[in-house]
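For reference, the structure is listed below as structure tokens.
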Amino acid sequence: MLFFADNTLYAIDEINQRAYKSASYSTKQSETAYALKDFPFAIPDSPQSKYYVQLLEDFPDIGCIYGTYWKYGGSTFNAFPSHWTNGTSFEIKNFMAFKYEMILSNASSVFEDYWYSNVTCHPEGPKRVPCEEIYFRKNTDIPVRSTQVISTPWEVRQFTTTYLVISVGKPDDKYFDSMPKDWTRSCRDVMLG
């Protein structure tokens, strides 16, 4: 699947266990990330040739780094959804995961199906709201937007993410072909410091 979540482009291929992310925060800052099992161009018989690897190119701050998920530990960073990792293992799954049971609303619109969580939260504001909500194009599984109430040490807020699905199915190889072929030499292994 190829889609935008807000201003970030994702290419997710669950079948072949590979994911791509590209975000531009300004004209002077961008981030590109890859996650794959059996990472290409790895040194033969290295952990990176057998296990999941995340590679992150962050301009201009950190340059290029990578981390491996294997029996001795996991990466120290994660550029993808947190439910894809449990610390030492990694698996590319559906982009969205809900904490609560979701209920299809009887009040969906003509153009959208509306789902909401069976638990409510109280963000800053006058009323309680569902802790999670998602809107799909009518009678499809194509997301339009979602909301989630998130607590931080300073506040409790409801955040909205908008989605624009470009294509469903296997994403074009061009997104994965853009990774640096010399990453084992030019990128820093975060597990080694």
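Once the Cβ-Cβ distance between His83 and Asn118 is put in as r, and R0 is 22 Å, what FRET efficiency do you end up with, to the nearest 0.05? If you can, show how the numbers build up before the last one.
On the way: r = 19 Å, r/R0 = 0.86.
With a Förster radius of 22 Å, E is 0.70.
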* Structure fact -> Computed D for the chain, Stokes-Einstein, Kirkwood radius over alpha-carbon pairs, 37 °C, 0.692 mPa s, to the nearest µm² per second, is 178
* Obtain the nm distance between the two label points defined at Arg188 and Thr27 by a simple spin-label model: each point lies 7 Å from its Cα along the Cα-to-C-beta direction. => 2.9
* Taking the dipole about the Cα centre of the chain, with the C-beta of Lys and Arg at +1 and of Asp and Glu at -1, give me whichever of Ser22, Phe90, Tyr100 is farthest to the positive side. => Tyr100
* Could you give the dipole magnitude of the chain about its Cα centre, charging the beta-carbon of Lys and Arg +1 and that of Asp and Glu -1, in debye to the nearest 20? -> 120
* **Estimated inter-spin distance, Phe98 and Ile142, nm [label 7 Å along Cα→Cβ]** => 2.0
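For the range 102-167, report the % of Cα-Cα distances exceeding 15 Å. Don't skip to the answer; put the middle values down first.
Values: 1177 of 2145 pairs.
When all Cα pairs of the range 102-167 are counted, 55 percent exceed 15 Å.
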* To do: Only Lys, Arg, Asp and Glu count, each charged at its Cβ (+1, +1, -1, -1), so figure out the dipole size of the range 102-167 about its Cα centre, rounded to 20 debye.
  => 100
* Too-long pairs where the Cα-Cα distance tops 19 Å, listed order kept, from Lys138/Lys174; Lys93/Lys181; Lys50/Lys181; Lys37/Lys170 -> Lys138/Lys174; Lys93/Lys181
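Which order do Leu192, Leu104 fall in if you start with the one that has the fewest other Cβ atoms within 10 Å?
On the way: Leu192 5, Leu104 10.
In increasing order of surrounding Cβ atoms, one gets Leu192, Leu104.
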* **Taking the range 102-167 and dividing mean pair separation by its residue count, relative contact order in percent (alpha carbons under 8 Å, at least six apart)** => 24
* Asked: What distance in nm separates the simple spin-label points at Lys127 and Val156, each placed 7 Å from Cα in the Cβ direction?
  -> 1.7
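Could you work out [θ]222 nm for the chain from helices alone, using -39500 (n - 2.57) per DSSP H run of at least four and dividing by all its residues? Round to the nearest 500 deg cm²/dmol. Let's see the in-between values first.
Working: 2 runs with 8 residues, N = 193.
Only helices count here, giving -500 deg cm²/dmol.
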* Backbone HN-Hα couplings from phi across the range 124-138 [Karplus 6.51/-1.76/1.60, Hz, Gly and Pro as x] -> 4, x, x, 9, 7, 9, x, 5, 9, 9, 8, 10, 10, 4, 3
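Every read-out reported here was derived from the displayed coordinates using simple, explicitly stated rules and does not represent laboratory data. In this text, all values refer to a predicted model and were calculated from it rather than measured experimentally. Cβ sites come from the backbone with ideal geometry, for glycine too, and all protein chains shown count toward neighbours.
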